[in-house]
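Comments concern the structure below.
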C-alpha cells in the first residue's frame, strides 16, 4: 500500500512461498504445542493451501500444496512416510482451485469451501496412513481424532483465510491493472478479500 | 479455463512424484534413500524453529500460566514446604559436621541415579498422528540417535533423528514406541507401549499401556513402573520412572494382562528435558522413583532431623551411603 510492489509472477511466487513457510513454522512451533482439549490441533498449513488455491486457482494451488506438503514431510519433528502430506495437499490444492473457478461469490461460500477442503484433507491424510498400515492411524485413533480436528480446522479457517488474503492482496491488485487473463481471478479474489477484511 | 490440459499434466506429474516418494520411503524404512531429504529439512528448518521458539516462548508461557494456574498454586505451596524442609536440613548440616559430609555425598551421588545428561528445550511438536517433538540440541552438542530423553519427572522418549542443531524425539506415548519396563520392587518385566496422547477418551489420563510378560505375576493399581534398560543402554537407560498403574484390564481370554499407566511426565506440556548422554554405571533400580505418596515409610530414626527431605531415600541413605537418593523435584 505504501509502496505498491511490481506486479510480477516472481513476486507472487515469493509471497506464496513466504506464506507457506511462515504457516509451517507457526504450525510446528505454536499450534502443535497448544494444550487444546482432546489434544488435537488445527492444521494451519492445510488451511493456507486451501486459501491460496481459492485465491489463485488450481495450478498455483496444487504446486503450492505439493511444496507445502513436502516441507511438512521434512520439517524436523515429522516422523511419517515421506510424501504423504505432499500427496494430500497437492490433491486438495488442485480440487479447491478447480472449485474456485465455478464458485459463486455469495458471502459465505468461500468459508464453506475452506471448511470442506480442510475436512477432505484431514480425512485423506488419515486414509493414507491407514492404507500404509501406520500403527498410529488405527481406526480407533482416527475415528476419535478426525472429527475434532475438522472442528478445530473450521474454527481456525476464518483467521487463516483472512491472513492469506491480506498478504496476497497487493500482488493481485497490481496484476489486475495489467488487464491480462488474470483479471477474472483477481476480481473474484477482490470480492473475497473485501469480505475477508470486514471480518 | 483453469482446468486445462497443462494443469492436469502437472497434477499428474506431482501426484506421481508424491506416490513415488511414499513408496521409496515406505520400502526403505529406516535406511530410506530419502533420508538425505529429511537431513536437509533439519538443516534448513531447525535453526528457524529455534528462533521462532525463542520468540513464541513468552506467549506460550503466558497461556500455560493461565491454564495451569490451579496446579501451579499447589506446586508453589509444595515448593515452599520443601524449601522449608531443605532449610532445616541445611541448618542441621551446618551444626553437625558428620551429617554435612554425608549430605554432600548424597548430593554427589544424587545426579538422577548417575545419569549424565545434556539439558535441552522443546521447540516444536509433530503434526497429525505422531507424538514427536524437536529439541534444541543436535549433533554439535554430541547428541546421537537412540539416546534416552528424560525430564525431572521421568522418561520422555528417545532420540530418533539428529540434525546439526536440533534433534527429533519420539515420545513414549507414540503408538510406535515400545519400552522394556519393570514393576517396582519386583523382577516382573513387561512392555510399555504408547497409545497416543491425542484424541478424546483413548489417550486422556492413561496414554501408556503396560503388558506383563508373565500372565500370573502379581500386579495391582498404584504400583509404579521403571525402565528396564535396553541392551547396551540404548535406546533406553535403566531405572527411569515411567508412571503409575491406573487400572488393570481383566483378562478376557488373552495370555497377557494389560495395565493402563498414568505417566509421571506431562506429555502435553513438555518444556525443559534432558538427553542422557552417558548411562549410569550401575542400574539404579528403584532409586530414582519419587517418594511414595502414602506416608508408609516415614523416616523416624533418632538421628534424623524433624522434617526429612524424602521419606524414601533418607533411611536408606543413612544406612548405606552408596544408594542413590531421590533427587529434588
(request) Averaged over every viewing direction, what's the projected area of the C-alpha convex hull for region B:117-279? Give it in nm², one decimal, please. (result) 9.2 nm²
(message) At a 10 Å Cβ-Cβ cut-off, how would you order B:220, A:80, fewest neighbours first?
(response) B:220, A:80
(request) Would you order A:62, B:9 from fewest to most other beta-carbon atoms within 10 Å of each residue's own beta-carbon? (result) B:9, A:62
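Could you list B:135, A:13 in order of exposure, starting from the residue whose Cβ has the fewest other Cβ atoms within 10 Å? Mind dumping the intermediate values first?
Values: B:135 29, A:13 14.
If I rank by nearby Cβ atoms, fewest first, I get A:13, B:135.
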(request) Note the full-extension length gain between residue A:112 and residue A:166 as 0.36 nm times their separation in residues minus their Cα-Cα distance, in nm to one decimal. (result) 17.6 nm
(request) Just subtract the alpha-carbon distance of residue B:73 and residue B:19 from 0.36 nm times their residue separation and send over the number in nm, one decimal. (result) 14.3 nm
(message) Can you give me the distance in nm between label points at residue B:187 and residue B:44, each placed 7 Å from the Cα along the Cα-to-Cβ direction?
(response) 5.4 nm
(message) With the crude spin-label approximation of a point 7 Å out along Cα→Cβ, what separation in nm comes out for residue A:101 versus residue B:152?
(response) 6.0 nm
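What average number of partner chain Cβ atoms lie no more than 10 Å from the Cβ of the residues making up B:132-142?
Numbers: counts 6, 5, 6, 2, 0, 0, 1, 0, 0, 0, 0.
Per residue, the average neighbour count from other chains is 2.
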(message) Testing the spin-label approximation: label points 7 Å from Cα along Cα→Cβ at residue B:144 and residue A:159. State their distance in nm.
(response) 4.3 nm
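All of the numbers you see were taken from the coordinates with simple rules; none came from a lab. As the structure is a computational prediction, the values presented were derived from the model and not from experiment. Here Cβ is always computed from backbone atoms with ideal geometry, including for glycine, and neighbour counts include all displayed protein chains.
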